[in-house]
Every structure is written in C-alpha cells, then in structure tokens.
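What follows is a structure written as structure tokens; I'll ask about it next.
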Amino acid sequence: MRIERMDIETTHVPLKRSFITALRVVNEAHFIILRLHGDDGSIGYGSAPPTAAITGETLSSIEGALRQHIGPAILGMDIGELDAILDRIDGAMPRNTSAKAAADMAVHDLFGKFFGFPLARYFGGATDSVETDITVSLRSPNEMGEEALEYQKRGYTAIKVKVGRDSLLDIERIRRVRAQIGPAVRLRIDANQGWKPKEAVRTIRALEDAGFNPEWVEQPVQAQDVEGLRFVTEHVGTPIMADEALFSPEDAFRLLEARAADLFNIKLMKCGGLRNARTIHAMAKARGIDCMVGCMIESRIGITAAAHFACGQTGILAADLDAIDLIQPEIFEGGVSLTGNRVVLPDGNGLGIG
C-alpha cells in the first residue's frame with residue numbers, strides 16, 4: 001500500500017476552564033488534523049496543536065511544514081518502508097517537531113491498519129489502559145485548592161500542580177492544595193521553567209521541610225540551562241524531571257551525560273513522533289532513568305497516539321494525558337476513552353480511529 005495523498009484541516013475546541021501555566025494561558029484548543037490516504041482506501045490520522053511558547057510552532061507553520069516539505073517527501077512511498085518514511089519525515093526540514101509528530105503518527109496509523117494490529121501491540125503490548133494524572137492550573141492558592149479537591153472527588157489519585165511565577169506564593173499554592181486533598185493523593189509539581197536554580201533549591205527544600213511530599217518537580221529552570229537543572233537535581237531530595245529541556249534523542253544524550261535530571265517527560269509534540277519517543281525511552285531505560293509520557297493541550301488523536309506508546313512500553317513510570325479531560329468532547333469516531341482516571345485504548349488496528 002502506498003501513501004497516495006494527504007488532506008489537512010484546522011479545528012478548535014473550547015477548554016472546560018482556562019489552562020494557565022508560567023508560560024501561557026489557553027482558553028481554546030486549536031489543532032491541525034492530518035489524514036494520509038493509502039491507495040487501498042485506508043486513512044492514517046495525525047494531529048498537532050500550535051504550542052508556540054514551547055515548540056515555536058503556530059497553526060500556519062504546522063500546516064506549511066506538512067504541505068510544503070513533509071507531505072511531498074513521503075507521498076508515493078510504500079507503507080512497508082516504515083523506517084525509510086520516518087527518515088524522510090525527520091529529514092524534511094529542521095525542528096518543526098509537532099508537524100513531524102502529526103505525520104509520524106499518521107504513518108504509524110496506516111502501518112498498523114495495513115498489517116493488522118493496534119499500535120500498542122507494535123510497541124510491546126504491555127497493557128490496554130494507563131492511569132493519568134490531571135493538572136491544576138496556576139491561579140490563587142484558594143482556587144487551586146478547590147480545583148484539586150474537585151479532581152480528587154472525581155477519582156484522580158495523582159494531581160499535577162502548576163507553579164513558577166512567584167516562589168513564595170507557589171509554596172502557599174502547594175500548601176493549600178495539599179491541605180485540600182490530604183496526604184494520600186500523589187502530588188506532582190510543574191514549574192514550567194519558572195524558577196532560577198538557587199530559587200528552585202530553596203523552594204523545593206521548603207516543600208520537603210513542610211512535609212508536602214511532592215512525587216517530583218518538573219522542569220524547575222529554563223530549558224537551555226542544563227547546568228542549572230543539574231544543580232537543582234544534586235541539591236534536593238525530591239526527584240527532578242526534565243520536560244522542556246528534552247526534545248530530541250540528542251537532548252536525551254546531553255541530559256544523561258550531565259546527570260542533569262532523575263526523570264524524563266516524553267511528549268510526541270516535542271520529540272517529533274513515536275519513533276523518537278521510543279528512542280528516547282530506550283536511552284533513558286538503559287541508564288536507569290524512568291519516563292513519563294506527557295501531552296500538550298491537544299486533540300484526542302494525539303492523546304490516542306501517546307496512549308498507545310505508553311501502554312505498549314514497559315518501564316513507563318506515569319502518564320500525564322489529561323488533555324482528554326481538559327477540553328470539551330470532540331466529534332470523530334474512535335480514539336481513547338476516559339474511565340475514571342484511566343485512559344483506555346480503543347479497539348481496532350493502528351490508532352483505532354476512523
């Protein structure tokens with residue numbers, strides 16, 4: 001089966017409430033939907049959101065990359081040449097990781113559909129569902145506490161708290177959240193690059209001394225500050241997770257060599273798709289670094305691809321695939337569903353969409 005043509009559409013879905021981090025405010029989710037058509041009538045689905053504050057991409061840049069560079073590089077190729085197709089995607093242009101991720105997942109979807117297996121099976125078939133945490137946006141301490149309590153009542157047992165704008169107020173935010181949800185719920189903290197290294201150490205030590213017991217702290221310092229990330233990792237007891245510092249396998253190598261983080265957050269939109277995600281996970285696993293599979297504010301297509309990867313691999317520590325619960329329902333057939341706090345894979349081959 002050959003990749004015959006592609007079509008692209010832009011869509012948007014309102015969020016249930018504003019999503020606020022140290023980097024951005026999002027009220028509506030926008031994304032590109034990509035369909036790759038095989039000459040046997042099969043359709044492979046991919047998707048990418050514009051996350052300019054992190055990847056540097058916009059809706060127009062993603063669409064342009066797909067139409068002008070990535071699509072022309074792979075049209076006419078046989079889906080059995082999976083690795084060669086993915087090489088073409090990676091080599092079509094520098095960066096543009098979300099556009100590449102959309103093409104990568106659509107190609108994998110076609111591959112699974114043509115050969116007759118779900119992608120989770122291709123990645124190892126470890127399980128058919130994965131527990132996700134859910135994110136509390138950066139607001140006032142009282143508002144964040146109430147939001148966290150709402151999620152706990154709905155059955156979430158791991159809650160991720162956004163901080164990073166004011167370290168003293170951040171401590172109060174976390175204090176309020178912990179007071180509301182009690183000690184049993186796992187608490188994960190994401191500073192989204194908002195602290196300086198010494199500030200991060202002071203803040204995390206204060207959280208430790210207060211007995212708030214964060215499971216980890218995600219990307220406390222600027223993405224490019226690998227030395228600062230290592231400084232924080234070496235000077236606190238709480239595990240430190242790299243997120244914005246980790247895009248590519250090359251970034252993974254640099255972080256591993258520097259011993260800069262205890263954990264990795266792998267996101268398809270940062271690394272350019274499923275193949276690079278698999279490479280990063282293998283590199284981390286070889287060095288004893290656990291990984292979380294995360295997401296942007298993205299469509300159910302993207303969450304489905306990430307869930308197949310998370311469910312297929314052994315050694316994935318956690319999943320942060322809460323976009324499925326943060327945006328209003330989308331209208332298309334298939335994809336993952338949410339049962340309580342578990343993201344459940346669909347039936348069907350490939351991604352199980354369409």
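The values are calculated or read from the model by the stated rules, or taken from the named source; none is laboratory data. None of these values were measured; they are calculated from a predicted model. Don't worry about glycine lacking a Cβ; one is built from the backbone with ideal geometry, like all the others, and counts go over all protein chains shown.
Could you tell me which numbered condition Gly312 fails, if it satisfies all but one of (1) surrounded by 24 or more Cβ atoms within 10 Å (Cβ to Cβ); (2) within 18 Å of the chain's Cα centre (by Cα); (3) of a type in the set (Gly, Ala, Ser)?
(1)
Give all pairs with beta carbons closer than 7 Å in which a residue from region 1-12 that is in the same structural domain as Ile32 (by TED's automatic domain parsing) and within 19 Å of Gly64 (Cβ to Cβ) meets a residue that is aromatic (Phe, Trp, Tyr) and surrounded by 15 or more Cβ atoms within 10 Å (Cβ to Cβ); count only pairs at least 6 apart in sequence or on separate chains.
Partner pairs satisfying both residue conditions: Thr11/Phe31.
Can you tell me how many residues in region 197-224 are within 23 Å of Glu147 (Cα to Cα) and within 25 Å of the chain's Cα centre (by Cα)?
Adding up the residues that qualify gives 9.
Which of the residues spanning region 174-196 are of a type in the set (D, E, K, R) and either under 19 Å from Ile240 (Cβ atoms) or under 19 Å from the mean Cα position of the chain (by Cα) (or both)?
Arg186, Arg188, Asp190, Lys196 - these are the residues of region 174-196 that are of a type in the set (D, E, K, R) and either under 19 Å from Ile240 (Cβ atoms) or under 19 Å from the mean Cα position of the chain (by Cα) (or both).
Taking the conditions exactly as written (in contact (Cβ under 8 Å) with a residue 12 or more places away in the chain, surrounded by fewer than 18 Cβ atoms within 10 Å (Cβ to Cβ) and under 28 Å from Glu147 (Cα atoms)), does Gly354 satisfy them or not?
no
Residue-wise test of (1) assigned by TED's automatic domain parsing to the domain that holds Lys16; (2) in contact (Cβ under 8 Å) with a residue 12 or more places away in the chain; (3) under 30 Å from Ile43 (Cβ atoms).
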position	(1), (2), (3)
Ala73	yes, yes, yes
Ile89	yes, yes, yes
Pro94	yes, no, yes
Asp104	yes, yes, yes
Ala126	no, yes, yes
Asp133	no, yes, no
Tyr151	no, yes, no
Gly164	no, yes, no
Arg173	no, yes, no
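Have a look at Ile297, Ile324, Ile301 and point out the one that is of a type in the set (A, V, I, L, M) and part of a loop (DSSP other than H, G, I, E, B).
Just one listed residue meets the conditions, Ile297.
Name, by its number, the condition in (1) crowded, with 19+ Cβ neighbours inside 10 Å; (2) closer than 27 Å to Ile62 by Cα that does not hold for Val232.
(2)
With the checklist (1) assigned to a helix (DSSP H, G or I); (2) aliphatic (A, V, I, L, M); (3) over 22 Å from Asn276 (Cα atoms) in hand, flag the one item Leu338 doesn't pass.
With respect to (1) assigned to a helix (DSSP H, G or I); (2) aliphatic (A, V, I, L, M); (3) over 22 Å from Asn276 (Cα atoms), Leu338 is out only on (1).
In region 288-309, which residue that is out of contact with any strand residue (DSSP E or B) (no Cβ under 7 Å at 6 or more places or on another chain) and small (Gly, Ala, Ser) is surrounded by the fewest Cβ atoms within 10 Å (Cβ to Cβ)?
That would be Gly288.
From the residues in region 122-174 that are of a type outside the set (Ser, Thr, Tyr), under 30 Å from Gly350 (Cβ atoms) and touching a Gly at 6+ places or on another chain (Cβ under 7 Å), which one is surrounded by the most Cβ atoms within 10 Å (Cβ to Cβ)?
Phe123
Conditions (1) more than 19 Å from Asp128 (Cβ to Cβ); (2) at pLDDT below 95; (3) touching a helix residue (DSSP H, G or I) at 6+ places or on another chain (Cβ under 7 Å); (4) not assigned by TED's automatic domain parsing to the domain that holds Ala252, marked per residue:
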{"position": "Ile303", "(1), (2), (3), (4)": "no, no, yes, no"}
{"position": "Ala307", "(1), (2), (3), (4)": "no, no, no, no"}
{"position": "Ala310", "(1), (2), (3), (4)": "no, no, no, no"}
{"position": "Ala318", "(1), (2), (3), (4)": "no, no, no, no"}
{"position": "Gln328", "(1), (2), (3), (4)": "yes, yes, no, no"}
{"position": "Phe332", "(1), (2), (3), (4)": "yes, yes, no, no"}
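Could I ask something else about it? Assuming Asp87 fulfils every condition listed in (1) crowded, with 18+ Cβ neighbours inside 10 Å; (2) within 17 Å of Cys271 (Cα to Cα); (3) acidic (Asp, Glu) apart from one, which condition is it?
(1)
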